[in-house]
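Please treat every number below as a calculation from the coordinates, not as lab data. This one's a predicted model, so the numbers in the text were calculated from it and none came from an experiment. Positions of Cβ are generated from backbone atoms using ideal geometry, with glycine treated the same way; all protein chains shown enter the neighbour counts.
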Amino acid sequence: MSLPSPLSSHFRILHTFTFRLGLVYMALFSLSVVLLFGFIYTFAVNYLDNQLSDAIRLRHSLLMDEYRVNGSAGLEARIGELIESDDEGAEIYLLINNKGERLAGNLETWPQHVTLEGHFEKDGQWIRFSIEGTRNHPASIGVQAVTVPLSKWRTLLVGQTMISKRKVEQTIAQAFWASLAVTLLMAFLGAVIVTRSVVHRLSVINRSADTIMHGQFSARIPFTPGGDEFDELSLHLNSMLDRTEALMKSLSDIVNNIAHDLRSPLSRIVARTEAGLRGMKEGSAARRLLERNVEDMNELIGTFNSILHLSELEANTDFHRFQLCDLQLLVEQLAEFYEPLAAEKGIALENRLRRPLLISGESN
């Protein structure tokens with residue numbers, strides 16, 4: 001039996017049940033990572049939305065207090081102060097009159113394409129819209145804001161960009177893909193390592209079984225002192241092999257005893273018959289019948305001798321007694337023996353072994 005190459009052994013691991021089970025575990029573990037990051041992402045986004053809304057409410061409350069105390073002029077001044085103090089440029093303000101003209105704020109015009117998000121307090125409205133990017137953030141920037149009519153002549157917009165939220169989303173996405181890649185890699189390596197370990201243990205059992213199948217019935221499956229399930233399997237298989245070997249030995253002893261017990265009486269019968277033949281007339285029918293009986297009994301004795309010889313070889317093979325035997329002669333004898341039977345059944349029997357085939361063994 002030819003041994004598989006190392007490369008084929010590596011690829012054979014990919015087709016094992018253990019490796020497929022490892023892939024299932026890898027898929028389940030990856031799914032758990034996806035669910036975990038989905039939960040983290042949802043929690044983070046909701047938290048940032050709440051923080052953003054709270055910040056907008058706080059600044060709206062400050063501006064409304066200013067408006068109630070100092071009127072429109074005080075509100076415009078306060079908006080200017082808030083814009084000046086906003087180093088990051090994340091706060092959005094706009095105060096317009098009833099003609100849509102800007103009175104204060106850092107937006108040039110009232111946003112056109114807005115998404116309504118719900119009511120705010122009594123007359124206000126939550127909205128979302130986008131503004132053009134800045135030097136630090138070239139892409140368009142999302143804004144969440146509230147709009148509140150102050151009077152028939154004034155409308156206030158207070159909002160904040162969602163740059164920080166976008167950064168957190170990007171950070172979570174990058175961490176997710178990096179973690180998923182590491183998870184898949186580690187899970188794959190774990191599946192390969194576990195599979196190689198299991199395949200190694202099974203290959204030990206398979207090699208031992210192959211050795212036993214090739215005639216070394218005394219061989220047994222090795223096991224480690226760890227006492228795991230493979231060792232338990234090895235112990236059970238070894239116990240089964242011990243019982244099988246004992247049964248085979250018992251059967252061999254029975255066959256040997258039968259052969260011994262029958263060979264001696266047959267030999268005596270042959271000897272007595274041959275002694276009786278010496279006193280009989282040549283060519284008589286009784287003599288021919290007894291001669292055929294002697295031939296049959298000699299064949300039986302030869303069969304019993306072969307059985308005993310085979311039993312001796314199986315029990316204690318002495319390889320030093322082996323000689324070179326030509327299997328070509330044996331094949332020729334078999335072909336000659338079965339040729340009449342094959343011709344009778346209409347089967348063409350052809351011997352294609354044309355050169356000597358020498359092996360070490362017993363010619364008989």
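By how many degrees, 0 to 90 and rounded to 10, does the Cα axis of helix 17-85 deviate from the longest principal axis of the chain? Taking the Cα atoms of the chain, the angle to 17-85 is about 0 degrees. Distance between the modelled labels on GLN51 and THR183, one decimal in nanometres: 2.4 nm (7 Å Cα→Cβ projection). Applying 1/(1 + (r/R0)^6) with R0 = 51 Å to the Cβ-Cβ distance of SER267 and THR18 gives a FRET efficiency near 0.25.
Distance between the pseudo-spin-label points of MET297 and LEU349 (7 Å out from Cα toward the beta carbon): 3.1 nm. Cross-link reach is defined here as a Cα-Cα straight distance under 15 Å, omitting same-chain residues fewer than 8 places apart; for LYS281 the aspartates and glutamates meeting it are GLU291.
Only lysines eight or more places from LYS99 in sequence, or on another chain, were considered; those with a Cα closer than 22 Å are LYS152. Close amide-amide hydrogen proximity is noted between LEU150 and THR155, LEU156, each under 5 Å apart and 5 or more residues distant or on a separate chain (H modeled in the peptide plane; Pro and chain starts excluded). Enumerate the aspartates and glutamates that LYS165 could reach by cross-link, defined here as Cα to Cα under 20 Å, with residues fewer than 8 away along the same chain left out. Filter leaves ASP49, ASP54, ASP86, ASP87, GLU88, GLU91, GLU117, GLU132.
For the chain, the relative contact order works out to 12 percent when only alpha carbon pairs closer than 8 Å and six or more residues apart are counted.
Mean sequence separation of contacting Cα pairs (under 8 Å, at least six apart), scaled by the length of the stretch 112-218, corresponds to a relative contact order of 13 percent.
Computed from the C-beta positions of ASN70 and LYS99 and an R0 of 22 Å, the FRET efficiency is 0.45 to the nearest 0.05. Distance between the modelled labels on ASP228 and SER30, one decimal in nanometres: 2.6 nm (7 Å Cα→Cβ projection).
Roughly how tilted is helix 163-213, in degrees to the nearest 10 and between 0 and 90, from the longest Cα axis of the chain? The two axes meet at around 10 degrees. Mind giving me the FRET efficiency for ARG243 and HIS214? R0 is 30 Å, r the Cβ-Cβ distance, nearest 0.05 is fine. My answer for the efficiency is 0.90. Shown here: the stretch 217-312, whose C-alpha atoms stretch 80, 16, 15 Å along the first, second and third principal axes, sorted largest to smallest.
What's the whole-number percent of alpha carbon pairs in the chain lying beyond 40 angstrom? Don't skip to the end; give the middle numbers.
Details: 39947 of 66066 pairs.
Cα-Cα pairs of the chain separated by over 40 Å account for 60 percent.
In degrees between 0 and 90, to the nearest 10, how far off the longest principal axis of the chain does helix 285-315 point, with axes built from Cα atoms? Compared with the principal axis, the helix lies near 40 degrees.
If I take all pairs of Cα atoms in the stretch 17-173, what percentage of them are more than 24 Å from each other? Please report the intermediate quantities before stating the final value.
Working: 5338 of 12246 pairs.
More than 24 Å apart: 44 percent of the Cα pairs in the stretch 17-173.
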